[in-house]
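See structure below.
The values are calculated or read from the model by the stated rules, or taken from the named source; none is laboratory data. The shown structure was predicted, so the numbers you read here are calculated from the model rather than taken from an experiment. Cβ coordinates were reconstructed from backbone atoms using ideal geometry, including for glycine residues, and neighbour counts include every protein chain displayed. Note: areas computed on protein heavy atoms with side chains; ligands, DNA, RNA excluded. Shrake-Rupley method; radii C 1.70, N 1.55, O 1.52, S 1.80 Å.
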Amino acid sequence: MNHNREGHRMSQEKIRSVSVIGLGPMGRAMVRAFLAAGIEVTVWNRSGDKAEEMVAEGAKRAATVAEALEANEVTVLSLTHYAAMYDVLGPAAGSLSGKVIANLSSDSPDNARKGAAWVREQGAEFLSGGFMSAGDNIAHPASYVFYSGPREVFDAHAELLRPLSPQEYLGVDDGLAQVFYQALLTVFHPWMLAFDQALAVIDRSGVDIDQFLPYAVRSSEAYPFFMTEYAAAAKAGGWGDLAAFAMMDAGAQHIIDASTEVGVDATLSRAAQGLWRRARSASEQAGRPVPVFEMMRGGDSA
């Protein structure tokens, strides 16, 4: 009887297996997370050296995409974009029936929806994912994963995917994970560039960057307050009035001056100033405040 229980337990353990296709930095980080959780991983990558690296760490290598799909019920994709999914899975489409594809690649929401429809046409289930992580450090406390797609598919495989990072299920719309993911990257990309500009100003001004860093971190503590305030303002149409836009225009000019005085590129600040000036002009023409949010949103609020 105990022998039977042990055999049943081992059988259950064998079910905890997954395939990973795409072994860039994120793909390799996911393989390592699965392996650390005791999950068997079968890998495939276009270039064999990365697959061999994962094999050396305990993964199994599939010789073909079809073999990777057939090895396990669930396959996680970590590719550059959704177009790569068609390139990779297309020739092996006959092996998709009855499988589950969790695509954690970045792309637009509509491309995710189209990709989901294509996968389902091949007889497979689909989940879309967006990996919010500190680079490829998916073990960082701030890292998590957005998921969207059929709730029953997510619930059935959430436990298997849990080692990747904390999960945030958003809803049945296949594009939702990418809506949230790309919206957050919309904030992150200009922040990266703005911080580079700030560091360049500090450095070119003859100041030690390490002296500046604590103040940059300290100022970021106010960001949650501003986010909450601006989100509330956006729901009411947007932040600011003519006087506020004039003030921001002038403030942007001061940043441009401070940058150019020390030879630092102020392209980003000029772009920001252009938006404030458009808001001023639109407000003057409309005879009412026309916030930047309203201009960006367009559509029925314009």
Report task. Kindly check whether there is at least one residue in the range 195-210 that is aromatic (Phe, Trp, Tyr), within 19 Å of ALA266 (Cβ to Cβ) and in a helix (DSSP H, G or I). Result -> yes
Report task. List the number of the failed condition for PRO141; all other conditions in (1) open to solvent by 70 Å² or more (accessible area, probe 1.4 Å); (2) closer than 21 Å to MET30 by Cα; (3) out of contact with any helix residue (DSSP H, G or I) (no Cβ under 9 Å at 6 or more places or on another chain); (4) outside any loop (DSSP other than H, G, I, E, B) hold. Result -> (4)
**Report entry** Within the range 57-83, considering residues that are free of Cβ contacts under 8 Å to residues at least 40 places away in the same chain and more than 23 Å from SER165 (Cα to Cα), the one surrounded by the fewest Cβ atoms within 10 Å (Cβ to Cβ)
**Finding:** ALA63
Query - Enumeration of residues in the range 101-138 that are among the aliphatic types (A, V, I, L, M), assigned to a strand (DSSP E or B) and over 16 Å from ILE21 (Cβ atoms) - result: MET132, ALA134
Query raised in the report: Is there a residue in the range 84-96 that is part of a loop (DSSP other than H, G, I, E, B) and open to solvent by 40 Å² or more (accessible area, probe 1.4 Å)?
Result: no
Query raised in the report: Which pairs do you get when a residue that is in contact (Cβ under 8 Å) with a residue 40 or more places away in the chain, found in the range 219-239, comes within reach of a residue that is assigned to a helix (DSSP H, G or I) and open to solvent by 60 Å² or more (accessible area, probe 1.4 Å), reach meaning Cβ atoms under 6 angstrom, with the pair 6+ apart or on two chains?
Result: ALA234/PHE293; GLY238/PHE293; TRP239/TYR230
Query raised in the report: If you take the residues of the range 34-48 that are open to solvent by 20 Å² or more (accessible area, probe 1.4 Å) and assigned to a helix (DSSP H, G or I), which of them is nearest to HIS140 (Cα to Cα)?
Result: ALA36
Query raised in the report: Quick one: which of ALA183, ALA231, ALA236, ALA177 is of a type in the set (Gly, Ala, Ser) and farther than 30 Å from TYR147 by Cβ?
Result: ALA236
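Which members of the range 187-234 meet the condition of being under 20 Å from PRO291 (Cβ atoms) and exposed (fewer than 10 other Cβ atoms within 10 Å of the Cβ)? First the steps, then the outcome.
The initial filter retains those residues of the range 187-234 that are under 20 Å from PRO291 (Cβ atoms), namely 187, 190, 223, 225-234.
PHE225 - this is the single residue of the range 187-234 that is under 20 Å from PRO291 (Cβ atoms) and exposed (fewer than 10 other Cβ atoms within 10 Å of the Cβ).
Which residue, of ALA250, ALA243, ALA271, ALA279, is more than 22 Å from HIS189 (Cα to Cα), within 31 Å of the chain's Cα centre (by Cα) and not acidic (Asp, Glu)? Before the answer, list the steps.
Working: ALA250 fails: within 31 Å of the chain's Cα centre (by Cα); ALA243 fails: within 31 Å of the chain's Cα centre (by Cα); ALA271 fails: more than 22 Å from HIS189 (Cα to Cα).
Criteria check complete, one pass: ALA279.
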Query raised in the report: Which residue pairs have Cβ atoms closer than 8 Å, lie 6 or more positions apart in sequence or on different chains, and pair a first residue in the range 270-293 that is over 9 Å from MET248 (Cβ atoms) with a second residue that is surrounded by fewer than 12 Cβ atoms within 10 Å (Cβ to Cβ)?
Result: none
Report task. May I ask you to say which residue of MET26, MET54 is in a helix (DSSP H, G or I) and open to solvent by less than 20 Å² (accessible area, probe 1.4 Å)? Result -> MET54
